[in-house]
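Here the structure is laid out as structure tokens; the discussion comes afterwards.
The values are calculated or read from the model by the stated rules, or taken from the named source; none is laboratory data. Here the structure is a predicted model, which is why all the values come from computation and not from measurement. Neighbour counts run over all protein chains shown; Cβ positions are idealised from the backbone, glycine included.
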């Protein structure tokens, strides 16, 4: 049985990945900072869980200790933080960068000693890494940094037989999306989870550095656009 450690496992993409991998027979270990939703998610899918902060080395250590040997690490934790550069405080900048970019190093540094040939990293990025978002300077910078971090890491650990992948989705129907002030076409968290699960079936001799996922906007396969709560609020004021 392969062991999958998932950060941000209490909701959104992380939880969807946990559900998918648990269905496929993985020993799933979920991590997040808030215990109540994390415990509920773990009980729902029959997974283990450890309360851990992926942005702090001391706070994340218990998660890797509980996981033991790590065959698949899915780094899905993060926040959609920050605002316009002219309005943003340094504290807001640091919080966003820490959650989205510092965490890449913390998680990797802790997990590597417990990974072996055939293990994989999957970093959940954002289309903001390639198409920076207005009013999200810190978030855009952090996700671009994540992609660069993953690319450099791949060149370091290939000699150990460890693969590194980035999954870069456009808008995804999660709670995080509800703060966006306009409607948009979005994919589902389960779509991202399917891509993550597929990556762990690829022969280790094959390099798949990045998968980009976007919603179809026309034709019979297109789903209805999502209208976030913030967009609804503005329309009613």
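Observations on the model:
- Selection status of residue 28, within 16 Å of residue 4 (Cα to Cα), in contact with a helix residue (DSSP H, G or I) (Cβ under 6 Å, 6 or more places away or on another chain) and buried (at least 24 other Cβ atoms within 10 Å of the Cβ): yes
- Residues in the stretch 174-202 that are touching a residue at least 40 places away in the same chain (Cβ under 8 Å) and farther than 23 Å from residue 230 by Cβ: 190, 193, 194, 196, 197, 199, 200.
- The numbered conditions (1) within 22 Å of residue 10 (Cβ to Cβ); (2) buried (at least 18 other Cβ atoms within 10 Å of the Cβ); (3) at pLDDT 95 or above are all true for residue 190 except (2).
- Test: residue in the stretch 2-25 that is out of contact with any helix residue (DSSP H, G or I) (no Cβ under 8 Å at 6 or more places or on another chain), buried (at least 22 other Cβ atoms within 10 Å of the Cβ) and closer than 25 Å to residue 132 by Cβ: yes
- Just so you know, in the stretch 198-228 the residues that are surrounded by 13 or more Cβ atoms within 10 Å (Cβ to Cβ) and more than 20 Å from the chain's Cα centre (by Cα) include one that is modelled with the highest pLDDT, and it is 204.
- Taken over the stretch 60-74, the criterion of being over 21 Å from residue 166 (Cα atoms) and either out of contact with any helix residue (DSSP H, G or I) (no Cβ under 8 Å at 6 or more places or on another chain) or free of Cβ contacts under 8 Å to residues at least 24 places away in the same chain (or both) is satisfied by 62, 65, 66.
- Criterion: within 20 Å of residue 120 (Cα to Cα), under 18 Å from the mean Cα position of the chain (by Cα) and modelled with pLDDT of 95 or more - qualifying residue of 51, 64: 64
- The stretch 79-136, residues that are crowded, with 22+ Cβ neighbours inside 10 Å, at pLDDT 95 or above and in a loop (DSSP other than H, G, I, E, B): 115, 119, 125, 126
- In the stretch 183-232, the residues that are assigned to a loop (DSSP other than H, G, I, E, B), closer than 23 Å to residue 150 by Cα and out of contact with any helix residue (DSSP H, G or I) (no Cβ under 9 Å at 6 or more places or on another chain): 201, 202, 203, 204, 205, 206
- Failed condition for residue 59, given (1) more than 23 Å from residue 187 (Cα to Cα); (2) surrounded by fewer than 21 Cβ atoms within 10 Å (Cβ to Cβ); (3) modelled with pLDDT of 95 or more: (3)
- Residue count for the stretch 1-10, restricted to those that are modelled with pLDDT of 95 or more and over 17 Å from residue 123 (Cβ atoms): 3
- Contact map, the stretch 30-43: residues that are within 14 Å of residue 60 (Cβ to Cβ) paired with residues that are in a helix (DSSP H, G or I), Cβ distance under 7 Å, separation 6+ or inter-chain. Pairs shown: 30/18; 30/38; 30/41; 30/42; 31/63; 32/38.
- Residue check for residue 172: at pLDDT below 95 and in contact with a strand residue (DSSP E or B) (Cβ under 8 Å, 6 or more places away or on another chain): yes
- The stretch 7-27, residues that are more than 20 Å from residue 103 (Cα to Cα) and in contact with a strand residue (DSSP E or B) (Cβ under 7 Å, 6 or more places away or on another chain): 21, 22, 26, 27
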